[in-house]
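Beneath this line is the structure, given in structure tokens, with notes to follow.
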Amino acid sequence: MNRMFNPAHPGEILREFIPEGMSVTECASRLGVSRVALSRILNKKSGISAEMAIRIGLLTGTTPESWLDNQLRWELFQTQGQARPEISPLTRVS
């Protein structure tokens, strides 16, 4: 199995974009979201949605796809060590 490295949570990456001295409240206001919503992302308590990826992309001058890709990589890494359910694969009928 190809194991990927432990990717950073999108909130960790976003923290690097926030200028020193800017409050979470101000950043949340610029994003048009509540301080609580942004704080949950920054503290890795919540992931980002497509809508939030668009907002963050506009705020940081990056693409929403890059934020969603990072979210997906982080989620997949988090589930790698979990037990997999036994699922019978579908067979293709010709």
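The values are calculated or read from the model by the stated rules, or taken from the named source; none is laboratory data. Everything quoted here is computed from the prediction, not taken from an experiment. So basically every Cβ, Gly included, is an ideal-geometry build from the backbone, and we count neighbours across all protein chains shown.
Structure values in brief
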| read-out | value |
| --- | --- |
| The range 12-26 residues that are without any contact (Cβ under 8 Å) to a residue 40 or more places away in the chain and over 14 Å from ILE56 (Cα atoms), paired with ones that are among the polar types (S, T, N, Q) and surrounded by 11 or more Cβ atoms within 10 Å (Cβ to Cβ) (beta carbon under 7 Å, 6 or more apart) | none |
| Residue ranges of helices (runs of 4 or more DSSP H) in the range 2-94 with at least 3 members of a type in the set (Val, Ile, Thr) and modelled with pLDDT of 95 or more | 50-60 |
| Whichever residue in the range 41-53 is of a type outside the set (Ser, Thr, Tyr) and buried (at least 16 other Cβ atoms within 10 Å of the Cβ) and, among such residues, is nearest to ILE13 (Cα to Cα) | LEU42 |
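Results for (1) within 17 Å of PHE17 (Cα to Cα); (2) without any contact (Cβ under 8 Å) to a residue 60 or more places away in the chain; (3) over 15 Å from the mean Cα position of the chain (by Cα), shown as yes or no for each residue.
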position	(1), (2), (3)
GLU51	no, yes, no
LEU68	yes, yes, no
ARG73	no, no, no
VAL93	no, yes, yes
